[in-house]
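Throughout, read-outs are computed from the coordinates displayed, never taken from laboratory work. Keep in mind that what you see is a predicted model, and the values were worked out from it rather than measured. When we count neighbours, we look across all protein chains shown, and the Cβ atoms used for this are built from the backbone with ideal geometry, even at glycine.
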Amino acid sequence: MSLPSIGDLPAAQRRIIRAWCMYDWANSAFATSVAAILPVYFVHLFKDSLGESEVILGITFTGSSMWSLGVAISTAIVAFSSPVIGVIADRAPIRKGLLWAYTSIGSVFTLLAFFSAFAPEPWLWLFVVYTFANIGFAGGLVFYNSFLPHVGPRHLLDDISSRGYAFGYAGGGLILVAHLALILAADGTDYEDLAARIAIASVGVWWFGWAIWTLRVVPEPPVRRIAGGLTATSAVSTAFRELRQTFRELRRFRVVLIYLAAFLLFNDGVQTVLAIAGAYAADTLGIALAFNMATIAIIQFVAVPGALAFGRLADRIATKRALVVALLGWIVIVLFGVALAPLTPTAHEDHDFQLGYRQASGDYVVEAAPDLDEPFVLTWQGEYWTLEEGAVLGAGALANLSEAIRDSEDVEYSLSIRGGGMDGESALGPAHPSLLGDGPLDWWPSFVRGLLWEPLGLAVGYQWLLIGVSVGLVIGGSQALARSLYAQITPERRSGEFFAFFGFMSRASSVFGPTIYIVATAVFDTRVAVAAILLIIVAGTIALRWVDVAEGARVAAEEDARTPGA
């Protein structure tokens, strides 16, 4: 007799599962729109107020490093507090209250970002409200995840977890598209700042509004009974005592320990890839903003069927095997991410700066130029050229321009001239993304470009889009199955405590990968840095080999049997 599916469950339980999934729909707006908009807006405010950098308490901060400080502070607070709070949540019926609290903090402080324009120091206001908002987001995730073992039978956890991520990607994708449309519509107008603030603030409204569904319908999980009840002082002392006991018991929960080590590795790699993808696309590949935005949106919508498909795959071949398939997909994606390479511009229309000859006046006009904040001014051997769309250059002034482009260090643009005496002349700057050969791994993108990209005529923007579609196919599966596999090997009656450890490992994994990326970039280049992150994912995937899911589930069941009920 086959085990029941979600559709076979009683209507009341299906309603609870749907409501639990809706929290992913609610808070994914923060993970997509806020992540896409707020860092750029913050850096803009920081530079407007303080310039490129500012010394604060003896430390020199740029806009991006100050933003990273806010991320680090909020992440550290959640990482180190959640294990203690998780132990308490297993012993007192406060889990829904905690989710209410974190959701309220996160959504209200996200909403308060709208008022940054009225603060004496807008960047500082945004820094503070984001730090608190991210505490709400990260803390809410810890306790939202801890509900998973309680909303359905263990054999359906893969399907339920996958549905949660599918809901999240759909909701996050919808609001992201709306926000991008709003920001693009206001681009270049007096309403740019207002549009950005409305988009950010609306995330708080969306998050809290949809979360009400979850918080009203999903019941409080059962807790363990403690004689005499809990006071504030005894709760904290009990939490620390239980954590010490848990560390002593790790030998008994050996499968959980091995899994957390594997999770730290592969999740570290995946999260680092996601975090640095935008910067890598812009710095190394020269991807246009439009392609980056389109890729983010496509990932959200492709991830919906991807997450559901991996849930069904886990039902057929078991959770761990399906997770390994998802991670193998990540390995292939990152490997080809290193192999992305802009095509060498050949046609006149492929170049960054396109100059055309005007027969009547005998001069040249810049017909096309990159969308830059300031005009591109090139200085070389006492000569200078201002290149922006519509600029006019005389034939004499143009004589040495191609040579200047080729010989000027750090120039990342290409130039093509059509018509007149210089017809057909072109030049690539030494830092142009299509130039390969100097880096230790440049042989790989050069090989793949010759084998695939050039024969297909696939420009780097479309290469990036293809990678984005591939990421969408595996990202939901890897995240959902990682969560459900952990739920299968941990005690249900100690879910708050164990999922708090899971949350801690999730946050800790946001440290090691970026550090490796920074060091590898400094010593070699960005392609080597991405390859180093690839090795972390490979190591985590291999480590899953020693995760005995059946043994972990058996030990978890024994722990539930000996743990007093509510």
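Set the Förster distance to 22 Å, then compute FRET efficiency between E412 and V43 from the Cβ-Cβ distance, nearest 0.05. Numbers along the way, then the final one.
Numbers: r = 20 Å, r/R0 = 0.92.
The value I calculate is 0.60.
Between T344 and L257, what is the label-point separation in nm under the 7 Å Cα-to-beta-carbon projection?
5.6 nm
For an R0 of 56 angstrom, estimate the FRET efficiency from the Cβ-Cβ distance between I56 and L535 and round to the nearest 0.05.
Between I56 and L535 the formula returns 0.95.
Taking the dipole about the Cα centre of region 300-438, with the C-beta of Lys and Arg at +1 and of Asp and Glu at -1, give me whichever of P305, A395, M422 is farthest to the positive side.
P305
For the pair W546/V523, report the inter-label distance in nm, with labels modelled 7 Å from Cα in the Cβ direction.
2.5 nm
When only Cα pairs under 8 Å and 6 or more residues apart are kept, what is the percent relative contact order across region 315-472?
Value for region 315-472: 26 percent.
Would you work out if region 101-203 is rounded, prolate or oblate? Take a ≥ b ≥ c from the square roots of the eigenvalues of the alpha-carbon gyration tensor; rounded if a/c is under 1.5, else prolate when a/b is larger than b/c, oblate otherwise.
Oblate, since a/c reaches 1.5 and b/c is not below a/b.
From zero outward in steps of 10 Å, how is the percent of C-alpha pairs of region 419-461 spread across the bins?
Spelled out per bin, shortest first, that is 22, 39, 28, 10, 0.
Pop a pseudo-label 7 angstrom from the Cα along the beta-carbon direction at both D190 and D8 and give the gap in nm to one decimal.
6.5 nm
Would you mind calculating the gained length between A395 and L274 on full extension (0.36 nm times residue separation, minus the Cα-Cα distance), in nm to one decimal?
Values: separation 121, 0.36 × 121 = 43.56 nm, distance 4.70 nm.
Difference between extended and current length: 38.9 nm.
Run the numbers for V365 and V469: contour at 0.36 nm per residue of separation, minus the present Cα-Cα distance, in nm. Before the final figure, lay out each step's value.
Values: separation 104, 0.36 × 104 = 37.44 nm, distance 3.89 nm.
In short, 33.5 nm is gained.
Once you compute Rg and the Kirkwood Rh from C-alpha atoms, what is the Rg to Rh ratio for region 388-507?
1.29
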